[in-house]
Amino acid sequence: MKQKISFSTYAVIGTMLFGMFFGAGNLIFPIQLGQLAGTNFWPALIGFLVTAIGLPFLGILAIGLSGSNGLRDLANRVHPLFSAVFAIALYLTIGPFFAIPRTATVPFVVGFEPYINPGSTSLWLGIFSFVFFAIVYYFSLNPAKILDYIGKYLTPAFLIFLFVLIITAIVKPMGHFGNPSGDYTNLAFITGFKEGYNTMDALASLAFGIVVIHAIKGQGITNTKDIAKATWKSGVFAMALMMLIYGLITYMGASSISAIGSFQNGGEIFAAVAHHYYGSFGTILLAIIIVLACLKTSIGLITSCSEFFHQFVPKISYKSFVLILCIVSFIIANFGLNNIIQFAVPVLMILYPLAIVLILLTLCAPLFRYKQSVFAVSMLLTFFVSFFDGYSALAASLPGTTVSLFDSIKAFYTNYLPLYSIGLGWMIPALIGAIIGCFGPKGDKKK
């Protein structure tokens, strides 16, 4: 007998999914994009939505519709060795090395640092991040309760406070859109597209997918087709909510320059907007918004990463990994937000194209009969380009890391590889790899 799934079930799971995705980075990047894009608001926003919403949604679908038991199962279609290396690199990136520490540093920098004596910033960051990760540790100990913690409590509270600020900005606009600046002047869509990388959501979707599957099963949904249906419907609900909020936040940034001026990062813009409307109370409101945003995302990331590493090393318990990841994240958070971002960008430039190609190949797998050679060759050629994208980003921030051989290859790509100059040089090699792979050994017809 086919099980009827209520809309409220989709809504609760979708709200949980939204809450896991939507952290502080999802607040500060679109508002800065709005300021920089100005009158080029629409092409920049559409480009941003492709990578910040479209790709995460496809990632959730790839896990749900393929019947995979998580990222490693999905990446095994390329090769078992690739599966292990890629999965570890991805979980470390969205976990204790970059994304989780950022969930502690962003609320501190935005909500608290402006009111602290610069000489004691390190001390207060240590105290704040310790309390923050102590709370995250407590809520992450029982993953079965994650639907309640994030879907029913933290996310609705976060949305209530956020919409107070957003509705105020709509009812009382700050001003007209300013002129576009930098790359947004002539390359608004592509610049917005690459800005979506910073959310890390396409990477996170490959990790969160299995959490969503578990949450769906926890609602008593066990039939494979019903699970797939619940996955994409919950995903649509979450992504529609994210699209609405991204659009409103980007609008808020685009209309803010005449009232508050321009700033170097989205956190400062958000703080200025909150102060513009509500003064000192706005500072408190913003602090609540940022802390709630980061808490729910951090709990989702700690839970996903701990489950993954426990499966990878079963001898170490899930709760032990929760503790280990919280401690490592606490230590790295205290190196500061700027250092975290500086080293995250090169890694994202390497991993993002690989994740995008893996997601697209998984969804298109029936067309080429699930041939492993298609996955393997396409991913290999993608890596040959994305590696040098990451190298370029690292060399730009740390000039002493340049290697003459790598510089020569980079120059060759710049001169001869289409789209490389705008950061999308991996697309054509990935397509060529897929075509070459189609002539490989016969694929496995079973899904």
| Qualifying positions in the range 10-58 - modelled with pLDDT under 90 and among the polar types (S, T, N, Q) | T15, N26
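Is it the case that I331 is within 24 Å of the chain's Cα centre (by Cα), in a helix (DSSP H, G or I) and of a type in the set (A, V, I, L, M)?
Numbers: within 24 Å of the chain's Cα centre (by Cα): yes; in a helix (DSSP H, G or I): yes; of a type in the set (A, V, I, L, M): yes.
Yes, satisfied.
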| What tally of residues in the range 53-75 results from selecting those that are surrounded by 18 or more Cβ atoms within 10 Å (Cβ to Cβ) and outside any helix (DSSP H, G or I)? | 2
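Being within 30 Å of E307 (Cα to Cα) and of a type in the set (F, W, Y) is the filter; apply it to the range 155-210 and report the residue that is modelled with the highest pLDDT. Can you show your working first?
The first filter runs over the range 155-210 and keeps only residues within 30 Å of E307 (Cα to Cα), leaving 155-159, 194-210.
Remaining after also requiring of a type in the set (F, W, Y): 158, 197, 208.
On the way: F158: 79, Y197: 87, F208: 78.
The residue in question is Y197.
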| message | Among the residues of the range 101-108, are any more than 21 Å from F308 (Cβ to Cβ), crowded, with 24+ Cβ neighbours inside 10 Å and of a type in the set (F, W, Y)? | response | yes
| Can you pull out the helices (runs of 4 or more DSSP H) entirely within the range 206-296 that have at least 3 residues that are touching a residue at least 60 places away in the same chain (Cβ under 8 Å) and surrounded by 20 or more Cβ atoms within 10 Å (Cβ to Cβ)? | 224-254, 266-278
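Can you find a residue that is outside any helix (DSSP H, G or I), more than 22 Å from C326 (Cα to Cα) and modelled with pLDDT of 85 or more anywhere in the range 133-153?
To start, the set of residues in the range 133-153 that are outside any helix (DSSP H, G or I) comprises 141-142.
Retained after the next criterion (residues that are more than 22 Å from C326 (Cα to Cα)): none.
No.
From the list T191, T185, T224, T168, which one is in contact with an Asp or Glu (Cβ under 6 Å, 6 or more places away or on another chain) and more than 21 Å from S298 (Cβ to Cβ)?
Exactly one residue qualifies, and that residue is T191.
Do we find that I435 is of a type outside the set (S, T, Y), farther than 24 Å from L187 by Cβ and at pLDDT 95 or above in this structure? Explain how you work it out, then say what you get.
Details: of a type outside the set (S, T, Y): yes; farther than 24 Å from L187 by Cβ: yes; at pLDDT 95 or above: yes.
When the stated conditions are applied, I435 passes them.
Being under 20 Å from the mean Cα position of the chain (by Cα) and in the same structural domain as G235 (by TED's automatic domain parsing) narrows it down to one of V131, V164, V106, V78, so name that one.
Details: V131 fails: under 20 Å from the mean Cα position of the chain (by Cα); V164 fails: under 20 Å from the mean Cα position of the chain (by Cα); V78 fails: under 20 Å from the mean Cα position of the chain (by Cα).
Result: V106 is the single residue among V131, V164, V106, V78 that is under 20 Å from the mean Cα position of the chain (by Cα) and in the same structural domain as G235 (by TED's automatic domain parsing).
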| Residue check for A89: assigned by TED's automatic domain parsing to the domain that holds A188, under 17 Å from the mean Cα position of the chain (by Cα) and of a type in the set (G, A, S) | yes
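Is it fair to say V50 is under 30 Å from T222 (Cβ atoms) and either in contact (Cβ under 8 Å) with a residue 24 or more places away in the chain or in contact with a helix residue (DSSP H, G or I) (Cβ under 7 Å, 6 or more places away or on another chain) (or both)? Walk me through how you get there before you give the answer.
Numbers: under 30 Å from T222 (Cβ atoms): no; either in contact (Cβ under 8 Å) with a residue 24 or more places away in the chain or in contact with a helix residue (DSSP H, G or I) (Cβ under 7 Å, 6 or more places away or on another chain) (or both): yes.
No, not satisfied.
The values are calculated or read from the model by the stated rules, or taken from the named source; none is laboratory data. Since the structure is predicted, the reported quantities are computational estimates derived from the model, not experimental observations. Note: ideal-geometry Cβ built from the backbone for every residue, glycine included; neighbour counts use all protein chains shown.
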